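To start, the structure under review is shown below, and the notes come after it.
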Amino acid sequence: MAPDPQSSSSNVERPRRLRPAGPLAAALFLVTGAVHFYLQPEGATYTGPLAVFDHVFGIFVAVLLLAASTAIGRFVLARFRLAWEQPLEEIGFCTAVGAALISTSYLACGLASVLNGPVVILVPIVAAATARRELAELPSLWARAIGQVRSQSEHPAYLILAAIVFGVVAIALAIQASAPPADWDSLMYHLEVPRLFLEEGRVFLPRASRFCWRSPCSRLRHGSSAARPPASA
């Protein structure tokens, strides 16, 4: 079946609407990146307002990593000649496969004891360079996905409600990501363990006692038994 010229022209117009946002996002990325490297000597001791820009730079890096994952996933799955019926289906499967490939690459580098800062940066750059054509096609893919959502919505009110709900969730996650982590699990596991891996340059099994956490009841039980004086001989 021949493609509808009206729908194809609308798909071409949607990426053009996103073009003004490209230079703005690039400028914000450069500004936040400059702030990030400016604050590197301060380390975790800096608590000023520039820390927000530092965390926004982290969000940019996460978005770029997500884009590289989708692109390399499309590149690999295209070698198997898979045909996608819906753009949302393509985005979901390709992102999952690409993220798995990048994660496995990091694991392989860690097992080979070559895991360090430059390698962490180089892996997604190599993935993006390998799938550069698929990376350039991501704006049109997302435009087609948005068009799919619009075409399948039975009533505009449902689409507006869904946009509000997802917008609120996205804003809440962005605000949470812009602040430094404060919970025990993030500080002592999700951040501490990768830091140890990067310091050692390899993946290894850390000492379990370093990351153990006891519930208040468990601490009270163990604390009361430990505080009990030894029996006299």
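The rows are residues; the columns are (1) under 27 Å from Leu50 (Cβ atoms); (2) modelled with pLDDT of 85 or more.
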position: Ile125; (1), (2): yes, yes
position: Ala131; (1), (2): no, yes
position: Val165; (1), (2): no, yes
position: Ala182; (1), (2): yes, no
position: Ala208; (1), (2): no, no
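Taking Leu101, is it farther than 17 Å from Ala145 by Cα and modelled with pLDDT of 95 or more? Yes: the conditions hold for Leu101. One residue stands out in segment 110-124 among those that are assigned to a helix (DSSP H, G or I) and touching a residue at least 24 places away in the same chain (Cβ under 8 Å): the one that is farthest from Ala162 (Cα to Cα), namely Leu111. When segment 10-44 is filtered for residues that are at pLDDT 75 or above, assigned to a helix (DSSP H, G or I) and open to solvent by 100 Å² or more (accessible area, probe 1.4 Å), the ones remaining, listed by number, are Leu24, Leu30, Phe37, Tyr38. Among the residues of this structure, Ala143 counts as one that is touching a residue at least 60 places away in the same chain (Cβ under 8 Å), open to solvent by less than 40 Å² (accessible area, probe 1.4 Å), in a helix (DSSP H, G or I) and of a type in the set (A, V, I, L, M, F, W, C). Taking segment 41-78 on its own, how many of its residues are polar (S, T, N, Q) and under 18 Å from Glu137 (Cβ atoms)? Within segment 41-78, residues that are polar (S, T, N, Q) and under 18 Å from Glu137 (Cβ atoms) number 2. Selection over segment 77-100 of residues that are crowded, with 17+ Cβ neighbours inside 10 Å and either part of a loop (DSSP other than H, G, I, E, B) or within 20 Å of the chain's Cα centre (by Cα) (or both) gives a count of 8. Anything in segment 169-209 that is surrounded by 11 or more Cβ atoms within 10 Å (Cβ to Cβ), among the charged types (D, E, K, R) and either part of a helix (DSSP H, G or I) or in contact with a His (Cβ under 7 Å, 6 or more places away or on another chain) (or both)? List them, or say none. Scanning segment 169-209 gives Asp185, Glu192, Glu200.
Return the only residue of Pro124, Pro156 being open to solvent by 60 Å² or more (accessible area, probe 1.4 Å) and not hydroxyl-bearing (Ser, Thr, Tyr).
Only one candidate passes the filter, namely Pro156.
Name every residue in segment 45-63 that is outside any helix (DSSP H, G or I) and open to solvent by 50 Å² or more (accessible area, probe 1.4 Å), in order of residue number.
Our first condition is that a residue be outside any helix (DSSP H, G or I); within segment 45-63, this holds for 46-49.
Once the filter is applied, which keeps residues that are outside any helix (DSSP H, G or I) and open to solvent by 50 Å² or more (accessible area, probe 1.4 Å), segment 45-63 yields Tyr46, Thr47, Pro49.
The values are calculated or read from the model by the stated rules, or taken from the named source; none is laboratory data. Predicted model, so just to flag it, every value in this text is computed and none were measured. Please note: Cβ atoms are built from the backbone with ideal geometry, for glycine as well, and neighbour counts cover all protein chains shown. Just the protein is used for accessible areas: all its heavy atoms, side chains included, with ligands, DNA and RNA removed. Shrake-Rupley method; radii C 1.70, N 1.55, O 1.52, S 1.80 Å.
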